[in-house]
Amino acid sequence: NVLILDFGSQYTQLIARRVRELNIYCEIHPFHKVPEELSGFKAVILSGSPFSVRNEDAPHPDLSKIRGVVPILAVCYGAQYFAHFHGGKVEASEIREYGRANLSVIKDHEPLFANIRENSQVWMSHSDTIKELPTNAVRLASTSDILNAAYRIEGEQTFAIQFHPEVYHSKDGKQLLENFLVKICGVEQSWTPGAFVDLTVSELKEKIGDDKVVLGLSGGVDSSVAAVLLHQAIGKNLYCIFVNNGLLRKDEFESVLHQYQDMGLNVKGVDASARFLGALAGISDPELKRKAIGNTFIEVFDDEAHEITDVTYLAQGTIYPDVIESISVNGPSVTIKSHHNVGGLPDFMKLKVVEPLRMLFKDEVRRVGAELEIDPELLGRHPFPGPGLAIRILGDITEEKVRILQEVDHIFIQGLRDAMLYDKVWQAGAILLPVQSVGVMGDERTYEQVVALRAVESTDGMTADWVNLPYEFLQKTSNAIINRVKGVNRVVYDISSKPPATIEWE
Ligand code: XMP
């Protein structure tokens, strides 16, 4: 087990990603909450930080419990931290130290640099520089601009590097992390989906015992994988509720419900479409739509949960990026759209929360899902927002608009599947615009709706770019939509990236 102490760097999550890619389990903790019990950790990595160590407000944690006890790899800020507080010197650098640099290794026999190429490209991102090394430190590597690019402290397993091994542009960064974790710290590379499933199922059994658990299924990857894991652990004591909010894709409620039943899950489908549409009537503001849907969901879910007697736990499909966001050093980032589910349902439900995926990244959830033999089609499904088509219908929502958008979306998504493009796209969907435009069909003038198609590539939804779908595909899709969906006479394709746009229009 590896501990990553977060000093607020934008790259902290990436460190965790790289470590997990080495099949090594790790956890991120904020620097001011160092776990009391350290005996389970075989290595500690200190992240970078947006702060300067010379600044009084910067994180200045007490690392005395760790240093000399558990091996440390200090990245960027951490390297400066030791220099600043333990006999070295850190100053603002005269030249900008951002971007690529080439590493020249001085101590060739140092295991940290085993199998790392001479002049290996590394990525720098810092404005302070280490002028003098801390007490007892030995320089390990330099670059043409930076004398102290890496050092270690003699007599202890403390290593420090000024560059960022976690970013893709540090070509041998993963090798360096492997050297540190495996060669130096002796950490086992045993974090595999199979190991995760075995461990989690036995932990869930132990924790839950004979208690009952209720879980809301959404049709998405996370809640489905969470359900199957829990099902393996506690079988029929898992009660799943799948709510139709009337804003799902065409026919999705029925088909996904059957799929869940075929998987052996104890699932109840609840069609609450009318209740949601009622709650949304007349609302155009995106955040108010989200609130109305969120509140209605809570009401419906609560009603259903009350039908099950003696429930103790509420299970959720929360995954690691949500968790990290809610505990990060600088506090949760500004709410651009209120779509984070961490914190769960309100207290009145009085249930204990169980979140079997809270330590996994999205791609790991998929791998665990594959290990559990969940249908690849379900696992490969594009992300779909909780408020569903409500935030893809700009302006107020009516049953008719939902019907139109479901038809359009279906033609687009089925088209992507038929053209073998579905898996090349991270997320796709259609947006119904509150705009009518003039058209002509036969000899008639029409005045009908405009729809926008959106398809993006992304890895995590944080940034995204539009996909260059083939013109022939767009042509065919546009034709099919206009000919088959009554009420639509114009189709446009969204060519905006995120940032500055977002993936959804609301
Ligand atoms: P944006 O539009 O913020 O979307 O670029 C990023 C990702 O988040 C999804 N999204 C939501 N998911 N509830 C959700 O569960 C929401 O309110 C919500 N809004 C956006 C969006 O589909 C994309 O995958």
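Arrange the following residues from fewest to most other Cβ atoms within 10 Å of their Cβ: Ser496, Ser127, Ser49.
Least crowded to most crowded, the residues run Ser127, Ser496, Ser49.
Using a ≥ b ≥ c from the Cα gyration tensor of the stretch 107-151 (square roots of the eigenvalues), is it rounded, prolate or oblate, where a/c under 1.5 gives rounded and otherwise the larger of a/b and b/c decides, a/b for prolate? Can you show the working numbers first?
Details: a/c = 2.39, a/b = 1.18, b/c = 2.02.
Because a/c hits 1.5 or more and a/b fails to exceed b/c, the stretch 107-151 counts as oblate.
In nm, what is the difference between 0.36 nm times the number of residues separating Glu203 and Ala114 and their Cα-Cα distance?
Details: separation 89, 0.36 × 89 = 32.04 nm, distance 3.75 nm.
Here the segment from Glu203 to Ala114 would lengthen by 28.3 nm.
If you fit an axis through the alpha-carbon atoms of helix 362-371 and take the longest principal axis of the Cα set of the chain, what angle between them do you get, 0 to 90°, nearest 10?
Tilt relative to the chain: about 80 degrees.
How many lysine pairs in the stretch 110-231, separated by 8 or more positions in sequence or lying on different chains, have Cα atoms less than 28 Å apart? Display every interim value, and only then the final one.
Working: Lys131/Lys171; Lys131/Lys174; Lys171/Lys183; Lys174/Lys183.
Lysine pairs meeting both conditions in the stretch 110-231 amount to 4.
Starting from the Cα of Asn55, step 7 Å along the direction of its Cβ; do the same at Ala195; then give the gap between the two resulting points in nm.
3.8
Using only alpha carbon positions, build the gyration tensor of the chain, then give the equivalent ellipsoid semi-axes as the square roots of 5 times its eigenvalues, largest first, whole angstrom. Walk me through the numbers on the way to the answer.
Numbers: eigenvalues 441, 167, 80 Å².
One finds semi-axes of 47, 29, 20 Å for the chain.
Once Lys and Arg get +1 and Asp and Glu get -1 on their Cβ, which of Val213, Phe276, Val243 lies farthest toward the positive end of the dipole of the stretch 193-379?
Result: Phe276.
To the nearest 10 degrees, how steep is helix 193-208 against the longest Cα principal axis of the chain, on a 0 to 90 scale?
80
What angle, in degrees between 0 and 90 and rounded to the nearest 10, separates the Cα long axis of helix 286-307 from the longest principal axis of the Cα atoms of the chain?
Value to nearest ten degrees: 80.
How far is it, in nm, from the label point at Gln10 to the one at Ala419 when both lie 7 Å from their Cα along the line to the Cβ?
So the label points at Gln10 and Ala419 sit 3.3 nm apart.
Would you be so kind as to identify which of Ala114, Asn483, Pro376 lies farthest towards the positive end of the dipole of the chain, taking Lys and Arg as +1 and Asp and Glu as -1 on Cβ and the Cα centre as origin?
It is Ala114, whose Cα lies furthest towards the positive end.
Using a Förster distance of 51 angstrom, determine the FRET efficiency expected from the C-beta separation of Asp285 and Asp262, and round it to 0.05.
That gives a FRET efficiency of 0.80.
Measuring from centroid to centroid over Cα atoms, what is the spacing of the stretch 130-144 and the stretch 188-225 in Å?
The two parts, judged by their Cα centres, are 45 Å apart.
Between Arg403 and Lys183, take the C-beta separation as r, use R0 = 51 Å, and let me know the FRET efficiency to the nearest 0.05. Walk me through the numbers on the way to the answer.
Values: r = 61 Å, r/R0 = 1.19.
FRET efficiency, Arg403 to Lys183: 0.25.
What's the magnitude of the charge dipole for the stretch 397-493 around its Cα centre, counting Lys and Arg as +1 and Asp and Glu as -1 at the beta-carbon? Answer in Debye, nearest 20. Walk me through the intermediate numbers first.
Details: 10 positive and 13 negative charges, 33 e Å.
I would put it at about 160 debye.
Over the stretch 397-493, what per residue volume does the convex hull of the Cα atoms give, in whole Å³?
Here the figure is 107 Å³ per residue.
Take the alpha carbon gyration tensor of the stretch 56-196, find the square roots of its eigenvalues, order them as a ≥ b ≥ c, and report rounded if a/c is under 1.5; if not, report prolate when a/b exceeds b/c, else oblate. Mind showing how you got there, number by number?
On the way: a/c = 1.57, a/b = 1.21, b/c = 1.30.
Verdict is oblate for the stretch 56-196.
Would you mind pulling out the separation of the Cα centroids of the stretch 53-116 and the stretch 264-321, in Å?
Answer, in whole Å: 48.
Most exposed first by the Cβ proxy, i.e. fewest other Cβ within 10 Å, how do Phe276, Phe41, Phe163 rank? Mind dumping the intermediate values first?
Details: Phe276 24, Phe41 21, Phe163 30.
Lowest count first: Phe41, Phe276, Phe163.
Given charges of +1 on the Cβ of Lys and Arg and -1 on the Cβ of Asp and Glu, with all other atoms neutral, how large is the dipole of the stretch 2-184 about its Cα centre, in debye to the nearest 20? Please list the in-between numbers first.
Values: 19 positive and 22 negative charges, 77 e Å.
Around 360 debye, computed over the stretch 2-184.
Given charges of +1 on the Cβ of Lys and Arg and -1 on the Cβ of Asp and Glu, with all other atoms neutral, how large is the dipole of the chain about its Cα centre, in debye to the nearest 20? Don't skip to the answer; put the middle values down first.
Details: 50 positive and 69 negative charges, 152 e Å.
Result for the chain is approximately 740 debye, rounded to the nearest 20.
Where does the charge balance sit around Asn136 when Lys and Arg score +1, Asp and Glu -1, over other residues with C-beta under 11 Å from its C-beta?
On the way: positive: Arg152; negative: Glu154, Glu156.
With Lys, Arg at +1 and Asp, Glu at -1, the net is -1.
Tabulate in residue order the Karplus-calculated ³J(HN,Hα) for the stretch 168-176, using 6.51 cos²θ - 1.76 cosθ + 1.60 with θ = phi - 60°, rounded to whole Hz; enter x for Gly and Pro.
These are the phi-based 3J(HN,Hα) values: 4, 6, 8, 4, 9, x, 5, 4, 5 Hz.
Can you figure out the FRET efficiency of Asn23 with Gln121, using R₀ = 30 Å and their beta-carbon distance, to the nearest 0.05?
Working: r = 25 Å, r/R0 = 0.83.
Given R0 = 30 Å and the Cβ-Cβ separation, E is 0.75.
For Asn136, put the label point 7 Å out on the Cα→Cβ axis and report which residues of the stretch 88-109 keep their amide N under 14 Å from it.
88
Name the aspartates and glutamates eligible as straight-distance cross-link partners of Lys250: C-alpha to C-alpha under 16 Å, and not fewer than 8 places from it in the same chain.
Asp271, Glu399, Glu400, Glu407, Asp409
Pick out, from Leu5, Leu73, Val105, the residue whose Cα sits farthest towards the positive end of the charge dipole of the stretch 2-184, with +1 on the Cβ of Lys and Arg and -1 on the Cβ of Asp and Glu.
Positive-end residue among those listed: Val105.
For His410, His231, what's the fewest-to-most ordering of other Cβ within 10 Å of each Cβ? Provide the component values of the computation, followed by the final result.
Working: His410 18, His231 23.
Result, fewest neighbours first: His410, His231.
When the helix-only estimate is applied to the chain (DSSP H runs of n ≥ 4, each -39,500 (n - 2.57), divided by the residue count), what is the mean residue ellipticity at 222 nm, nearest 500 deg cm²/dmol? Write out the running numbers ahead of the final one.
Values: 13 runs with 152 residues, N = 506.
Helices in the chain give a 222 nm mean residue ellipticity of -9500 deg cm²/dmol.
None of the figures in this text is laboratory data; all of them are computed from the coordinates on show. Please read all numbers here as calculations on a predicted model, not as lab measurements. Note that we place each Cβ from the backbone using ideal geometry, even for glycine, and neighbour counts take in every protein chain shown.
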